[in-house]
Ligand SMILES: [Fe+2]
């Protein structure tokens, strides 16, 4: 089956003022759509057609840089839309996830600080992550379309620090975008679901 652009799980103005309708229009309708259409062109004849997306991401990372850039970003953005919701953020995390953050990452405040620092410290385009790997949570950052999947982990939360994610609303103030995103948009229920699936 060909890659398809998923619908946003909320209306384009639902994340304002932290992320504007204009940003979502460009980011979803143009950027994510381009990853989908280019990915569909580049996968033809590779033998990976029809495989599960996670498998295509991992395989192409090893063998096909051009395809990987598109499918990695397709995977990342499918989740990115779900990692946000109107009236998100806050500190009421699902219990099991909160306990694991306490034991592995030194508590919520330390985790928040490290996650924001990873996003601010990623030089150029990329992502900051909360990932589950070898039974533990970790905070990481990756360049371009890379994600924890290709490093043996499971992505639980990721923030897009490509300029297309914040330049319209925050100009060059990436740290301001990261704080607003983390404190007001994160869908912790979805992060909790992914954690449950990964830690089974
Ligand atoms: Fe993006």
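What follows draws every value from the coordinates through simple rules; no lab data is involved. Quick caveat: nothing in here was measured; it's all calculated off a predicted structure. Heads up, the Cβs are rebuilt from the backbone with ideal geometry, glycines too, and the neighbour counts pull from every protein chain shown.
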key: Leading residue by the ranking (farthest from the ligand (Cβ to nearest atom)) among those in region 71-81 that are farther than 17 Å from residue 128 by Cβ and surrounded by 22 or more Cβ atoms within 10 Å (Cβ to Cβ)   = 71
ask   = So which pairs qualify, if the first residue must be in region 92-104 and without any contact (Cβ under 8 Å) to a residue 60 or more places away in the chain, the second must be part of a helix (DSSP H, G or I) and surrounded by 13 or more Cβ atoms within 10 Å (Cβ to Cβ), the Cβ gap must be under 8 Å, and the two must be at least 6 apart or on different chains?
value = 98/108; 101/108; 101/111; 102/108
Matching residues in region 12-34 - criterion: being within 13 Å of the ligand (Cβ to nearest atom), touching a helix residue (DSSP H, G or I) at 6+ places or on another chain (Cβ under 6 Å) and in contact (Cβ under 8 Å) with a residue 60 or more places away in the chain = 23, 27, 31
